[in-house]
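Coordinate-derived values only; no laboratory data. Not measured: the values here are computed from a predicted model. As a convention, Cβ positions derive from the backbone with ideal geometry for all residues, glycine included, and neighbour counts pool all protein chains shown.
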Amino acid sequence: MIDDIRPLAVVTGASSGIGYELARLAAEDGYDLVIAADEPAIVEAQAGLERHGGKVEALQVDLSTVGGVDQLLALIGGRQVDALMANAGRGLGHGFLDQDWTEARFVIDTNITGTVYLIQKVARDMRDRDRGRILITGSIAGLMPGSFQAVYNGTKAFLDSFAWALRNELKETGVSVSCLMPGATDTEFFERAGMLDTKVGADPKKADPADVALVGYRAMQKGEGDVVAGFKNKLQAAMAAVTPQSVLAEQHRKVAEPGSGER
Ligand SMILES: NC(=O)c1ccc[n+]([C@@H]2O[C@H](COP(=O)([O-])OP(=O)(O)OC[C@H]3O[C@@H](n4cnc5c(N)ncnc54)[C@H](OP(=O)(O)O)[C@@H]3O)[C@@H](O)[C@H]2O)c1
């Protein structure tokens, strides 16, 4: 019977990095979990998270597709979702014209389409119940034009903006929307994005994903609007607000251009 009274958290992209740490925090906090990612490592993550005592259901699914998100919704099965952490995301380096279109589209479909579709479905139920917490993993990348990561930064600009808009639309309800905005974090992200030869990808001083997740998790629980993880990133975010876009784009080129890590 105890299972019946545990809150439920849904975490996407929970197989590694920031998402795994978000799921771990929720598990430690007494949530049952539904977790999803698109590779088999999600099953290993499930085993690790089950150690915290709650029920953990894992789904290996491609969340860049409506059909994939529908599979996740079917697993949730109309249960009350107390916390949704929409975190799954992909990066992609190199010049836009040199990117493979399928890969670029996968970034858009994962970071934007799948994310907002899932949020719409889950948030409608939350609004009906007048209760729920949503955390979207955006990025400080959304605050600057991402030369040599143009599509990715564009998707994060979308999410950073979307989070504030949805938050405002729901302000008279018991549903909160928070946006976690990490800077460079030490996860598999840069390897998967093909950016290990860039200055940002090779930076040995990236943030610890556990620290980043904790900042986001706390912001979600407090119902805060957005949170930038880390002092250096807070400074960068503040500077981005008063720096011309052309200058930001040039700065981004310096850290994200292929080969910049070797200079
Ligand atoms: N690392 C950074 O510097 C940084 C900075 C700012 C924001 N972020 C954001 O933080 C979030 C988490 O990234 P991370 O840094 O923790 O990287 P990560 O270790 O690569 O984790 C990404 C997670 O998203 C999942 N995912 C990606 N595409 C998916 C898809 N189509 N369907 C289902 N799951 C998918 C991955 O699952 P699989 O392993 O199964 O593919 C993985 O669990 C992303 O939204 C990213 O944009 C990262």
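Are any residues in segment 223-236 out of contact with any strand residue (DSSP E or B) (no Cβ under 7 Å at 6 or more places or on another chain) and either in contact (Cβ under 8 Å) with a residue 24 or more places away in the chain or small (Gly, Ala, Ser) (or both), and if so, which ones?
Filtering segment 223-236 down to residues out of contact with any strand residue (DSSP E or B) (no Cβ under 7 Å at 6 or more places or on another chain) leaves 231-233, 235-236.
Those that are out of contact with any strand residue (DSSP E or B) (no Cβ under 7 Å at 6 or more places or on another chain) and either in contact (Cβ under 8 Å) with a residue 24 or more places away in the chain or small (Gly, Ala, Ser) (or both): Lys232, Asn233, Gln236.
Taken over segment 237-246, the criterion of being among the aliphatic types (A, V, I, L, M) and either without any contact (Cβ under 8 Å) to a residue 12 or more places away in the chain or on the phi > 0 side of the Ramachandran plot (or both) is satisfied by Ala238, Met239, Val242.
Just need a number here: residues in segment 49-63 that are part of a helix (DSSP H, G or I) and among the charged types (D, E, K, R). Walk me through it before giving the result.
First pass over segment 49-63, keeping only residues part of a helix (DSSP H, G or I): 49-50.
Cutting the leftovers down to among the charged types (D, E, K, R) gives us 50.
Counting residues in segment 49-63 that are part of a helix (DSSP H, G or I) and among the charged types (D, E, K, R) gives 1.
Go through the residues of segment 86-106 one by one and say whether even a single one is buried (at least 16 other Cβ atoms within 10 Å of the Cβ) and within 14 Å of Ala9 (Cβ to Cβ). Within segment 86-106, one or more residues are buried (at least 16 other Cβ atoms within 10 Å of the Cβ) and within 14 Å of Ala9 (Cβ to Cβ).
Determine if segment 37-56 includes at least one residue that is small (Gly, Ala, Ser), within 6 Å of the ligand (Cβ to nearest atom) and under 23 Å from Ala219 (Cβ atoms). Can you show your working first?
Residues of segment 37-56 small (Gly, Ala, Ser): 37, 41, 45, 47-48, 53-54.
Still in the list and also within 6 Å of the ligand (Cβ to nearest atom): 37, 41.
Now narrow it down to the ones that are under 23 Å from Ala219 (Cβ atoms): 37.
There is at least one residue in segment 37-56 that is small (Gly, Ala, Ser), within 6 Å of the ligand (Cβ to nearest atom) and under 23 Å from Ala219 (Cβ atoms).
Please indicate, with yes or no, whether at least one residue in segment 10-20 is in a loop (DSSP other than H, G, I, E, B), touching a residue at least 60 places away in the same chain (Cβ under 8 Å) and under 22 Å from Met126 (Cβ atoms). There is at least one residue in segment 10-20 that is in a loop (DSSP other than H, G, I, E, B), touching a residue at least 60 places away in the same chain (Cβ under 8 Å) and under 22 Å from Met126 (Cβ atoms). Among residues of segment 128-149 being of a type outside the set (A, V, I, L, M, F, W, C) and in contact (Cβ under 8 Å) with a residue 60 or more places away in the chain, the one that is surrounded by the most Cβ atoms within 10 Å (Cβ to Cβ) is Gly138. Among the residues of segment 64-79, the one identified as more than 13 Å from the ligand (Cβ to nearest atom), small (Gly, Ala, Ser) and part of a helix (DSSP H, G or I) is Ala74. What about Ser178, is it in contact with a strand residue (DSSP E or B) (Cβ under 9 Å, 6 or more places away or on another chain) and away from the ligand (no atom under 12 Å from the Cβ)? Answer is yes for this residue.
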